[in-house]
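A short write-up of the structure that comes next.
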Amino acid sequence: MRRPREAGRVVLARARGMVTYPAPFQLVATSKPCPCTAPSACTCTAPAQRRYQARLAGLGTRPAISLQLTAPGRDACAVGESSAQAAVRVARARTIAADRLRGDGYRVNADLPLTTLTGRHGLPRRTVAGLTRMVDTGAIGLTGYAGILQTAWTIGDLRGTERPDQDAIDTAIAFYLPGTAQPVPARPGQDEPRPA
Ligand SMILES: [Zn+2]
């Protein structure tokens, strides 16, 4: 799945030749942390948990945004940002991105290849110093590096900043590394980063 996801097209080889189909998509997946149905009273062995989580490797790529969700508590019904309000924020951010990228032939930040993320739309060295160090030490690969930069640009667009700052990069890193980010409860009028 990795190749179609990165290239936005799928190539099928058949006896009569090759066929190419467009395949731009956004992959959204959810899973329990382990195979049992009682995560709070888990009885799974460590190997069983590893085998279960290894099945996610079938996706062929680590998601750019991972969130660990907890069971909704009593405050789940508290009035927060409505879906309609979130949609307005997302639409505004997508317009900002589309305007910026039009000249490059891209629509959304997720379309940006690494060469553009580090070239024409490269960020100041100081801003990406920590992220670059993660690549140098092998903590993340180049695919992760590109994914984090794409997410950081989207966070910047949601916040209305000209380009992602250090905090946007740090937030994108937390989204990328599973288990480190918690969903942010948005309040009306407050521009918190949300997956877009
Ligand atoms: Zn379990």
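What follows draws every value from the coordinates through simple rules; no lab data is involved. Since this is a predicted model, take the numbers as computed values, not measurements. Cβ placement follows ideal geometry from the backbone for every residue including glycine, while neighbour counts extend to all protein chains displayed.
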### Query
Which order do peptides 18-25, 105-112 fall in by mean Cβ count within 10 Å, highest first?
105-112, 18-25
### Query
Roughly speaking, what is the centre-to-centre gap between the range 121-154 and the range 1-33 when only Cα atoms are used, to the nearest Å?
25
### Net +/- balance of residues flanking Cys42 in space, Cβ distance below 14 Å, scoring K and R +1, D and E -1
+2
### Query
Could you state the per residue volume, in Å³, of the convex hull enclosing the Cα atoms of the chain?
175
### Message
Between Thr137 and Tyr52, what is 0.36 nm times their sequence separation minus the Cα-Cα distance? Round to one decimal in nm.
### Response
27.8 nm
### Query
Could you give the length gained on full extension between Ala29 and Val79, defined as 0.36 nm per residue of separation minus the Cα-Cα distance, in nm?
15.4 nm
### Sites Arg100 and Thr45 - FRET efficiency at Förster radius 35 Å, r taken between beta-carbons, to 0.05
0.10
### Query
Looking at Pro124, Ala87, Gly17, which one has the Cα that reaches farthest to the positive end of the dipole of the range 1-142 (charges on Cβ: Lys, Arg +1; Asp, Glu -1)?
Gly17
### Task
Calculate, in nm to one decimal, what Arg92 and Met18 gain on full extension: separation in residues at 0.36 nm each, minus their alpha carbon distance.
22.7 nm
### Summary
Simple spin-label estimate for Gln166/Arg120, 7 Å along Cα→Cβ, in nm, reads 3.0
### Message
Given the DSSP H assignment, sum -39500 (n - 2.57) over each helix run of at least 4 residues in the chain and divide by its residue total; what's the result at 222 nm in deg cm²/dmol, nearest 500?
### Response
-11500 deg cm²/dmol
### Query
Relative to the Cα centre, what is the charge dipole magnitude of the range 1-83, using +1 at the beta carbon of each Lys and Arg, -1 at the beta carbon of each Asp and Glu, and rounding to the nearest 20 debye?
600
### Query
Cβ under 13 Å from Ala110's Cβ, Ala110 left aside: what net charge do those residues give with Lys, Arg +1 and Asp, Glu -1?
0
### Query
Which listed residue (Gly8, Pro164, Cys44) has the Cα farthest towards the positive end of the charge dipole for the chain, taking +1 on Lys and Arg C-beta and -1 on Asp and Glu C-beta about the Cα centre?
Gly8
